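Contents: one structure, followed by commentary.
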Amino acid sequence: MPDFSWSRALTANQLDDRPLANWKYRRLPFRAGVTILQRATTVGVRQTIDAGAQNMQQKSPVHGGGTAGVQPIPQTSPVLQFIAEAGDEIIISNDEVAGGTPTVDGYINVEPM
């Protein structure tokens, strides 16, 4: 059950920041249940999440109020869960839309099925 967490500082109006770009399991070698949590320090971040050809979340706000460097947990951050197939590439794309410089902290877990 691979896990990965990140803390990424975005610049003002930065588009298409991909925290999973260098993660070994972003292209799944097996069918898996996927759990993703993200939380930002401001409310100006939008996320798009894709798995293979499926759009799991379309340009939606990332929950704000986080502290830079603090990993989100289910009690304080929305949880996105879905099933992805072997060979699917998991893409998380974050856009900063408010002209700020937020930090986005996140966590992903993939459970083989």
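Any chance you could list the semi-axes, whole Å, largest first, of the equivalent ellipsoid that the Cα gyration tensor gives for the stretch 1-107, using √(5λ)?
Details: eigenvalues 103, 41, 29 Å².
Values for the stretch 1-107, descending: 23, 14, 12 Å.
Using heavy-atom solvent-accessible surface (probe 1.4 Å) with all chains present, what is the largest-first order of Leu15, Leu20?
Values: Leu15 120, Leu20 5 Å².
Reading off the accessible areas and sorting them downward yields Leu15, Leu20.
Only sites in a loop by DSSP and with at most 11 other Cβ atoms within 10 Å count here; which trypsin sites (Lys or Arg not before Pro) in the stretch 13-113 make the cut?
On the way: sites: Lys24, Arg26, Arg27, Arg31, Arg39, Arg46, Lys59; in loops: Lys24, Arg26, Arg31.
Sites meeting the loop and neighbour criteria: Lys24.
With charges only on Cβ, +1 for K and R and -1 for D and E, what is the dipole size of the chain about its Cα centre, in debye, rounded to 20? All intermediate terms of the calculation are to be shown ahead of the outcome.
On the way: 9 positive and 11 negative charges, 14 e Å.
That gives a dipole near 60 debye.
Find how many whole Å separate the alpha carbon centroid of the stretch 98-113 from the alpha carbon centroid of the stretch 1-80.
3
If the chain between Val97 and Val79 were fully stretched, how many nm would it gain, using 0.36 nm times the residue separation less the Cα-Cα distance? Walk me through the numbers before you get to the answer.
Numbers: separation 18, 0.36 × 18 = 6.48 nm, distance 2.18 nm.
Working it through step by step, the gained length comes to 4.3 nm.
Would you please classify the overall shape of the stretch 64-113 from the alpha carbon gyration tensor, given that a ≥ b ≥ c denote the square roots of the eigenvalues, rounded means a/c under 1.5, and beyond that prolate means a/b larger than b/c while oblate covers the rest? It would help to have the intermediate numbers written out before the result.
On the way: a/c = 2.86, a/b = 1.64, b/c = 1.75.
Judged from the Cα gyration tensor, the stretch 64-113 comes out oblate (a/c at least 1.5, b/c at or above a/b).
What does the charge add up to near Ala12, with Lys and Arg as +1, Asp and Glu as -1, over the other residues with Cβ less than 13 Å from its Cβ? Don't jump to the answer; show the numbers that get you there.
Numbers: positive: none; negative: Asp17, Asp95, Glu96.
It works out to a net charge of -3.
For the chain, with every protein chain kept in place, what is the accessible area per residue (1.4 Å probe, Å²)? Numbers along the way, then the final one.
Numbers: 5850 Å² over 113 residues.
Using a 1.4 Å probe on heavy atoms only, each residue of the chain averages 52 Å².
Which GluC sites (Glu not before Pro) in the stretch 52-98 sit in a loop by DSSP (not H, G, I, E or B) and have at most 14 other Cβ atoms within 10 Å of their own Cβ? Working shown, then result.
Values: sites: Glu85, Glu89, Glu96; in loops: Glu85.
In loop regions of the stretch 52-98 (DSSP not H, G, I, E or B), the sparsely surrounded GluC sites (Glu not before Pro) are Glu85.
The values are calculated or read from the model by the stated rules, or taken from the named source; none is laboratory data. These numbers come from a predicted model, not from an experiment. When we count neighbours, we look across all protein chains shown, and the Cβ atoms used for this are built from the backbone with ideal geometry, even at glycine. Protein only, heavy atoms only, side chains kept; ligands, DNA and RNA dropped before computing areas. Shrake-Rupley method; radii C 1.70, N 1.55, O 1.52, S 1.80 Å.
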